[in-house]
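Chemist: This is the structure, below, for whatever I ask next.
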Amino acid sequence: MMMNARERLILALDVSSVAKAETVIGKLGDSVSFYKIGYQLGFAGGLALAQKLSGAGKQVFIDFKLHDIGNTVAKGVESIARLGATFLTVHAYPQTMHAAVDARAGTNLRILAVTVLTSYDDADLAAAGYDFTVADLVAERAAQARDIGVDGVVCSAEEAARIRGIVGTRLALVTPGIRPAGADAGDQKRIMTPAAAIAAGADYLVVGRPIVAAADPRRAAQAIVAEIAQAKT
Ligand code: C5P
């Protein structure tokens with residue numbers, strides 16, 4: 001996948017208000033071109049900000065992990081496409097993925113599937129009624145995402161090579177859990193450096209605290225973009 005390095009960095013805007021988000025965006029300037037908005041900011045006015053960002057030429061990833069009956073998913077996807085968003089996450093259930101892929105046709109929105117939440121282990125799946133290990137369910141859902149025509153998968157960099165083997169090269173792999181060498185891991189348990197994640201097959205890296213909490217966020221973002229540019233793919 002040929003892209004410039006800056007477009008491969010997605011900044012997670014994990015802040016509680018639009019005012020705080022705008023402060024971060026102002027500090028970053030043109031060092032970041034792609035922003036992720038999740039529940040926290042999205043439910044605090046962040047969708048209007050998403051529309052403003054896309055109007056200003058930035059790309060936006062709406063990380064709402066949709067899952068509902070097909071008609072409801074489709075209508076939600078149509079509304080998110082009208083915001084000008086580039087990426088939207090949905091849970092990797094076949095009905096949900098079909099509805100989302102059909103509804104995004106003819107728009108610039110691309111659908112990313114979340115296979116199994118990384119906070120789930122085999123016991124959590126059993127408690128939720130599944131007769132699958134995490135590894136098997138991730139593989140099954142990645143294959144379904146590929147067959148249904150989903151545009152990408154969110155996965156850890158550790159899973160990237162295995163998922164690439166299942167989904168092939170058409171789908172984008174989007175990986176969080178990225179930490180530059182020496183950065184604080186925070187609550188992330190399995191982390192990779194930007195260069196290692198790209199080498200493992202990631203197309204896009206989602207990075208939050210290593211940039212937002214840095215003394216100089218712009219410099220931190222530029223360093224990660226430089227590392228992406230130099231990584232071996
Ligand atoms: O601050 P940090 O770089 O850890 O932020 C990572 C972002 O990626 C957060 O928005 C987090 O919710 C998201 N994410 C994650 N792990 C997953 C899926 C999403 O860290 N498995």
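Chemist: If each residue's Cβ is checked for other Cβ atoms within 10 Å, how do LYS75, LYS65, LYS36 rank with the fewest at the top?
Modeler: Working: LYS75 13, LYS65 18, LYS36 25.
Ascending number of Cβ neighbours within 10 Å: LYS75, LYS65, LYS36.
Chemist: Report relative contact order for the stretch 1-158 in percent, whole number only (criteria: Cα-Cα under 8 Å, sequence separation at least 6). List each step's numbers first, then the result.
Modeler: Details: 248 pairs, mean separation 25.9, N = 158.
Rounded, it is 16 percent for the stretch 1-158.
Chemist: To one decimal place, what orientation-averaged projected area in nm² is obtained for the convex hull of the Cα set of the stretch 145-204? Working shown, then result.
Modeler: Numbers: hull surface 15.9 nm².
Approximately 4.0 nm², given one-decimal rounding.
Chemist: Among ARG141, ARG179, what is the fewest-to-most ranking by other Cβ atoms within 10 Å?
Modeler: Placing the least packed residue first, the sequence is ARG179, ARG141.
Chemist: Now a separate question. Could you compute Rg(Cα) / (2.2 N^0.38 Å) for the stretch 64-126, with N its residue count? Walk me through the intermediate numbers first.
Modeler: Working: Rg = 12.4 Å, N = 63, 2.2 N^0.38 = 10.6 Å.
Ratio of Rg to 2.2 N^0.38 Å for the stretch 64-126: 1.17.
Chemist: Per residue of the stretch 31-47, what does 6.51 cos²θ - 1.76 cosθ + 1.60 with θ = phi - 60° give for ³J(HN,Hα)? Whole Hz please, x for Gly and Pro, Karplus curve as stated.
Modeler: The phi angles translate into 6, 10, 10, 9, 10, 9, 10, x, 4, 4, 7, x, 8, 10, x, x, 6 Hz.
Chemist: From the residues ALA157, LEU125, ALA183, which one has its Cα farthest along the dipole of the stretch 113-233 in the positive direction, the dipole being from +1 and -1 charges on Cβ of Lys/Arg and Asp/Glu about the Cα centre?
Modeler: Going by the charge dipole, the pick is ALA183.
Chemist: Here is a further query. If you take the charge dipole of the stretch 32-154 about its Cα centre, with +1 on Lys and Arg Cβ and -1 on Asp and Glu Cβ, which of GLY55, THR115, ALA103 is farthest toward its positive end?
Modeler: GLY55
Chemist: Output the pairs from LYS36/LYS65; LYS27/LYS52; LYS27/LYS65; LYS189/LYS232 with a Cα-Cα distance over 19 Å in this structure; if there are none, say none.
Modeler: Details: LYS36/LYS65 12 Å; LYS27/LYS52 17 Å; LYS27/LYS65 28 Å; LYS189/LYS232 24 Å.
As for pairs spanning more than 19 Å Cα to Cα, those are LYS27/LYS65; LYS189/LYS232.
Chemist: To make sure I understand, if each residue's beta carbon is the centre and we count other beta carbons within 10 Å, what order do MET192, MET97 fall in, fewest to most? Numbers along the way, then the final one.
Modeler: On the way: MET192 21, MET97 24.
So the ranking, lowest neighbour count to highest, is MET192, MET97.
Chemist: Right, next: Given the Cα-Cα distance of ARG219 and ASN4 and 0.36 nm per residue of separation, how much length would full extension add, in nm? Show your work: numbers first, answer last.
Modeler: Details: separation 215, 0.36 × 215 = 77.40 nm, distance 1.79 nm.
Full-extension gain reported as 75.6 nm.
Chemist: Could you work out the relative contact order of the stretch 136-178, using alpha carbon pairs under 8 angstrom and six or more residues apart, expressed as a whole percent?
Modeler: Working: 42 pairs, mean separation 19.5, N = 43.
Here the relative contact order equals 45 percent.
Chemist: Roughly speaking, what is the centre-to-centre gap between the stretch 116-130 and the stretch 1-33 when only Cα atoms are used, to the nearest Å?
Modeler: If we compute the Cα centre of each part, the gap is 32 Å.
Chemist: In nm, what is the difference between 0.36 nm times the number of residues separating LYS75 and ALA128 and their Cα-Cα distance? Walk me through the numbers before you get to the answer.
Modeler: Working: separation 53, 0.36 × 53 = 19.08 nm, distance 2.74 nm.
Residue separation times 0.36 nm, minus the Cα-Cα distance, leaves 16.3 nm.
Chemist: Based on the alpha-carbon set only, what is the convex hull volume of the stretch 1-50 divided per residue, in Å³?
Modeler: 74 Å³
Chemist: Using 7 Å Cα-to-Cβ label points, what is the ALA105/SER16 separation (nm, one decimal)?
Modeler: 4.4 nm
Chemist: Further, regarding this structure: For the stretch 76-187, just list the percent of Cα-Cα distances falling in each 5 Å bin from zero outward, please.
Modeler: All Cα pairs, binned at 5 Å, distribute as 2, 12, 21, 20, 18, 14, 9, 4, 0 percent.
Chemist: Run lengths n ≥ 4 of DSSP H only: what is the helix-derived mean residue ellipticity at 222 nm for the chain, with -39500 (n - 2.57) per run over all residues, to the nearest 500? Write out the running numbers ahead of the final one.
Modeler: Numbers: 10 runs with 99 residues, N = 233.
It lands at -12500 deg cm²/dmol.
Chemist: On the first, second and third principal axes, largest extent first, how far apart are the outermost C-alpha atoms of the chain in Å?
Modeler: On the principal axes, the chain reaches 47, 35, 35 Å in Cα extent.
Chemist: Using +1 on the beta carbon of Lys and Arg, -1 on that of Asp and Glu, and nothing else charged, what's the dipole of the chain about the Cα centre, debye to 20?
Modeler: On the way: 24 positive and 23 negative charges, 170 e Å.
With Lys and Arg at +1 and Asp and Glu at -1, about 820 debye.
Chemist: Can you give the Rg/Rh ratio of the stretch 33-73, where Rg is from the C-alpha atoms and Rh is the Kirkwood radius? Show your work: numbers first, answer last.
Modeler: Details: Rg = 11.4 Å, Rh = 10.9 Å.
On the Cα set of the stretch 33-73, Rg over Rh gives 1.04.
Bear in mind these aren't lab numbers, they're just calculated from the coordinates by the rules spelled out. Owing to the predicted nature of the structure, the values given are computational and were not obtained by experimental measurement. Neighbour counts run over all protein chains shown; Cβ positions are idealised from the backbone, glycine included.
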